[in-house]
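Since every read-out is calculated from the coordinates, none of them should be taken as a lab result. Because the structure is a prediction, the values reported are computed rather than measured.
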């Protein structure tokens, strides 16, 4: 079933919307949550939390892409869960490592104080990423959105681990330089 119809069912407050969203995007959400959390049971709980959040957010939200909408929710839910679960002890999960890499790039930006600032920063980062060559942009997104490991990226794109790591390092520097130029960070 197409996204528009599922979203319409959410708007009608029809419980079939949740089942259809699960059928259409459940495995996508589960794989993303598993990649972040490394645990199937926790990932399944995140997917359930994601569907509940979608039920609460639609309406008033009317996403253009249900896959992107659910992907963002499950990713944020899984990251929040990971942070909560590892608050007392620093873990070495792939999500922790990837987020720490980006934190170093964006550390000077501080925490945006309003939703508007967050949206503006997100728009700025998206615009900067659009200026990356497509292969570099895809590698960057695989690492920092989908949280692929460097070896996974190297295999996916048929490059060495060192080259993948170098592309990511240069990408973080490009991002930081562009954000400095736009005065998002110092």
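What is the extension gain from residue 180 to residue 72, computed as 0.36 nm multiplied by their sequence separation minus the C-alpha to C-alpha distance, in nm to one decimal?
36.3 nm
Taking 0.36 nm per residue of sequence separation and subtracting the Cα-Cα distance, how much length would be gained by fully extending the chain between residue 53 and residue 84, in nm to one decimal?
Between residue 53 and residue 84, full extension yields 9.3 nm more.
Find how much the distance from residue 130 to residue 11 grows on full extension, using 0.36 nm per residue of separation minus their present alpha carbon separation; answer in nm with one decimal.
39.6 nm
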